[in-house]
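Here's the structure, in structure tokens; my notes come after.
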Amino acid sequence: MKKNRLHKGQRVTAFDYILIIYFLFIIVTTIYPFLNVLAISLNDPIDTMRNVNFIIPRKFTLANYQYVFSKNNLLFPFLMSIARTVVGTVTGVICTAMVAYVLSRKDFYFNKLFTLLFIITMYVGGGLIPEYLLITRTLDMSNKFSVYIIPGLVGVFNIILIRSYIEGVSISLQEAAKIDGANDFIIWLKIIMPICKPVIATVALFGAVGQWNSFMDTYLYARNLSTLQYELYKIMESAKIKIDPHAANIEQVTRSVSPLSVRMAITIVATAPIVIVYPFLQKYFIGGITLGAVKD
């Protein structure tokens, strides 16, 4: 009897089957590119050169990863990437949250003016040459660790994101803290920051991914402070070799590595740390994006 009631209450309709098929399709189309990249990075170079599409390597090999890790000493660049990611993310979140808090205050007279000026920078930039001259000559940050931190200290999009979240927080909390004698810094640190954990985690994830994946600033300003991404970029460039798939000496071909396979191995090495960290921030990431749009 109980079994029949469960069957009637959980009856599957045709629409449910459509949803199942739809979500399975989304899952496959989302996971397949990553599995394909992983398979190519572990596959034999001959299969890769023949442009065989698959998600499981037909001829398993670690030669591509051996090539990547044998080209250079990646320990120092790896530590440099971690350092710039941690320091850049923490300082960026702090500065961005401070600016967002100021712009969210209704009693700040120049609120709209500064918001407009910040937004203009999203659409109008000075260009690469003025930026290069500013960083290398005016600020003299060439081959200094500060070149990884200061230029990207504040992001306009992140300011807007945090400000929108703060505006959804009840103003009575701030007024009560002021009555108790708290200044703006204490209100920001003790009240705003704990409440804004979801959006702070979201901005931190954006900043960490940007810092970790960046290599152009190393190429332009800080080659003496090489990062992992820049070293992987150099390895990828050095792997652009031409191999004839119809060569008579098949043994020579099989001992070689395919440029495509090397690029895929570099992609896995570069994205693995972010993929590992993301699940721990996923709930905050989703909360920061969705809750920031909810108004009481």
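The values are calculated or read from the model by the stated rules, or taken from the named source; none is laboratory data. In this text the structure is predicted, and so the values were computed from the model without any measurement. Cβ placement follows ideal geometry from the backbone for every residue including glycine, while neighbour counts extend to all protein chains displayed.
Data for the structure
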read-out: Enumeration of residues in segment 110-161 that are assigned to a loop (DSSP other than H, G, I, E, B), β-branched (Val, Ile, Thr) and touching a residue at least 40 places away in the same chain (Cβ under 8 Å); value: Ile149, Val154
read-out: Single condition Gly127 does not satisfy, out of (1) on the phi > 0 side of the Ramachandran plot; (2) crowded, with 16+ Cβ neighbours inside 10 Å; value: (2)
read-out: Subset of segment 77-114 that is within 25 Å of the chain's Cα centre (by Cα), over 24 Å from Leu232 (Cβ atoms) and hydroxyl-bearing (Ser, Thr, Tyr) - its residue that is surrounded by the fewest Cβ atoms within 10 Å (Cβ to Cβ); value: Thr91
read-out: Residue count, segment 175-190 (criterion: in a helix (DSSP H, G or I), out of contact with any Phe, Trp or Tyr (no Cβ under 9 Å at 6 or more places or on another chain) and either crowded, with 17+ Cβ neighbours inside 10 Å or acidic (Asp, Glu) (or both)); value: 2
read-out: Candidates Ile149, Ile166, filtered to the one that is touching a helix residue (DSSP H, G or I) at 6+ places or on another chain (Cβ under 7 Å), aliphatic (A, V, I, L, M) and at pLDDT 90 or above; value: Ile149
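To keep it simple, each residue is scored yes or no on (1) touching a helix residue (DSSP H, G or I) at 6+ places or on another chain (Cβ under 7 Å); (2) closer than 17 Å to Ala270 by Cβ.
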| residue | (1), (2) |
| --- | --- |
| Ile26 | no, no |
| Phe34 | no, yes |
| Val37 | yes, yes |
| Arg58 | yes, no |
| Tyr65 | yes, yes |
| Leu75 | no, yes |
| Thr96 | yes, no |
| Ala100 | yes, no |
| Thr115 | yes, no |
